[in-house]
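A short worksheet on the structure shown next.
The values are calculated or read from the model by the stated rules, or taken from the named source; none is laboratory data. Bear in mind the structure is a predicted one, so any value in this text is a computation, not a measurement. Backbone-built Cβ (ideal geometry, glycine too); neighbour counts: all protein chains shown.
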């Protein structure tokens, strides 16, 4: 069975590629970091057409996205909206033409009309419903990331701890988030793929830990990793703002997926794994 991963060099895509190959699947990687001929914003893209035509299953992970710092800076720009609109149009036109089963990676933010990122993800969900694919909504998946500009909160804090001896928060840290370790996310995606026909296209599957921690608590766990390594001076610097996005009460996880899959990695163990991997770059 051949599986094509669009956005294979991204945070989740990189983990998923490795995970599925270890499970014995044939995986086709597709990501702009491999060359301009894999730029999904290029319409038409002959290589993309060939990849989707020849594959058995597609994970649509490709998106111009990053963590909170990246979204705050770029999501209201023309390039951000244009890049993601072109990705959606290109990919879904081909999925419709070749009638391939697929999973579209959406976000917990897709119901937030004040976020361009959320609106674009919602458009992807609507495309997915019309083509009878499946939507998964990710909630703060974390793991090692290679692009500092796009890093999410956990990797951002760890990197800043090593490089700056401190990590500054965008908010006061009192908001709660549900964090899911990337390897658990991969297991969930494999489960969705293997049970594809058991799920309904109109019902997005929420992929999360179903447990909440405040950003302050996460920061304290990361500081603890530094402390056990003898780096006692790493500081936590909370901001002043509240995070209204993550506190949106319309944004609640549906636990339907738990009938098929249960996350295994606790937040403290996941953070330690990411910290240990990132530490290798600072020796």
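In region 136-151, which residue that is farther than 17 Å from residue 184 by Cα and under 13 Å from the mean Cα position of the chain (by Cα) is surrounded by the fewest Cβ atoms within 10 Å (Cβ to Cβ)? Walk me through how you get there before you give the answer.
Residues of region 136-151 that are farther than 17 Å from residue 184 by Cα, as a first pass: 146-151.
From what is left, the residues that are under 13 Å from the mean Cα position of the chain (by Cα) are 150-151.
Working: 150: 19, 151: 23.
This residue is 150.
Does region 106-115 contain at least one residue that is within 20 Å of the chain's Cα centre (by Cα) and closer than 15 Å to residue 40 by Cβ?
No; the residues of region 106-115 include none that is within 20 Å of the chain's Cα centre (by Cα) and closer than 15 Å to residue 40 by Cβ.
Restricting to region 28-53, name every residue that is part of a loop (DSSP other than H, G, I, E, B) and farther than 19 Å from residue 96 by Cα.
To start, the set of residues in region 28-53 that are part of a loop (DSSP other than H, G, I, E, B) comprises 31, 35, 39-45.
Residues satisfying the conditions are 31, 35, 39.
Give region 86-115 a look and list any residue that's farther than 16 Å from residue 202 by Cα, in contact with a helix residue (DSSP H, G or I) (Cβ under 6 Å, 6 or more places away or on another chain) and in a helix (DSSP H, G or I), or say none.
Of everything in region 86-115, those that are farther than 16 Å from residue 202 by Cα, in contact with a helix residue (DSSP H, G or I) (Cβ under 6 Å, 6 or more places away or on another chain) and in a helix (DSSP H, G or I) turn out to be 88, 92, 94, 98, 109.
Here's the yes/no breakdown for (1) closer than 25 Å to residue 113 by Cβ; (2) touching a residue at least 60 places away in the same chain (Cβ under 8 Å):
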site	(1), (2)
171	yes, yes
174	yes, yes
188	no, yes
194	no, no
209	no, yes
213	no, no
231	no, yes
237	no, yes
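Of all residues in region 132-154 being modelled with pLDDT under 95 and part of a helix (DSSP H, G or I), which is nearest to residue 11 (Cα to Cα)?
150
Would you check which residues across region 54-85 are assigned to a helix (DSSP H, G or I), at pLDDT 95 or above and under 21 Å from residue 11 (Cβ atoms) and list them? Write out each step before concluding.
Taking region 54-85 and keeping what is assigned to a helix (DSSP H, G or I), we get 54, 68-74, 78-85.
The next check asks that each one be at pLDDT 95 or above; those that pass are 54, 78-85.
Matches in region 54-85: 79, 80, 83, 84.
Which pairs have Cβ atoms under 6 Å, sit 6 or more apart or on different chains, and link a residue in region 6-18 that is within 12 Å of residue 105 (Cβ to Cβ) to one that is at pLDDT below 95 and crowded, with 21+ Cβ neighbours inside 10 Å?
11/145
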